[in-house]
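The values are calculated or read from the model by the stated rules, or taken from the named source; none is laboratory data. Here the structure is a predicted model, which is why all the values come from computation and not from measurement. Positions of Cβ are backbone-derived with ideal geometry, glycine not excepted, and every protein chain shown enters the neighbour counts. The protein model used for the area step is the full one, side chains on, heavy atoms only, and it has no ligands, DNA or RNA in it. Shrake-Rupley method; radii C 1.70, N 1.55, O 1.52, S 1.80 Å.
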Amino acid sequence: AEGNVISDAIVTSDDVSVSDRMGYGLTTSWTQDALVINANAARMDAEDETDTTLGANLLWHNAGLGYIYAINDISSANLNNPSADFGKMVGKHTVYASYKIPSVLDLDNFDIYLGAYWSQLNVDSAEVDNIDRYGGRVRFKYFF
């Protein structure tokens, strides 16, 4: 569980604190030889917004594959875009993969991670199709 210590760090022009939020999460893992399976659930409660995620991933040697389902209940957001209707974004699916390149340059504490993802926002509207998003990343991880 986590929460902001300062509940009024970001206040809108209507004097509403959007930094007053609380989060909860739970993760469990199962390991068998080189296979690791993780499952998790998380929830965040904030002003005009509640987000819930359920996810699972598996790691085998240096490769990983995962799935996340998100339920975003956002009453209002993006105050600079009054035409945006975030209340119709009812779900989001994300599939991701990663690969760890260990001991780069023969350094035991330097790894590189390659990753890619695909997400789909499910829109609860007859006027708008679902929205696909995809991307990749390279992460350099050095342990001091």
| message | Show the residue pairs meeting these rules: Cβ distance below 6 Å; 6+ apart or different chains; first residue within the stretch 49-62 and touching a residue at least 12 places away in the same chain (Cβ under 8 Å); second residue surrounded by fewer than 16 Cβ atoms within 10 Å (Cβ to Cβ) and among the β-branched types (Val, Ile, Thr). | response | 52/71; 58/37; 59/36
| request: Starting from residues that are under 22 Å from the mean Cα position of the chain (by Cα) and surrounded by 12 or more Cβ atoms within 10 Å (Cβ to Cβ), keep the ones in the stretch 122-133 and report whichever is modelled with the lowest pLDDT. | output: 123
| remark: Output for Cβ contacts, cut-off 6 Å, separation at least six or different chains, first residue more than 22 Å from residue 142 (Cβ to Cβ) and open to solvent by 40 Å² or more (accessible area, probe 1.4 Å) in the stretch 97-121, second at pLDDT below 95 and of a type in the set (Phe, Trp, Tyr), reads 118/134
| Per-region count, the stretch 1-11, residues farther than 20 Å from residue 71 by Cβ and either modelled with pLDDT of 95 or more or assigned to a loop (DSSP other than H, G, I, E, B) (or both) | 7
| remark: Flagged in the stretch 12-34 as within 20 Å of residue 50 (Cβ to Cβ) and either at pLDDT below 75 or open to solvent by less than 60 Å² (accessible area, probe 1.4 Å) (or both), in numbering order, are 12, 14, 16, 17, 18, 19, 23, 25
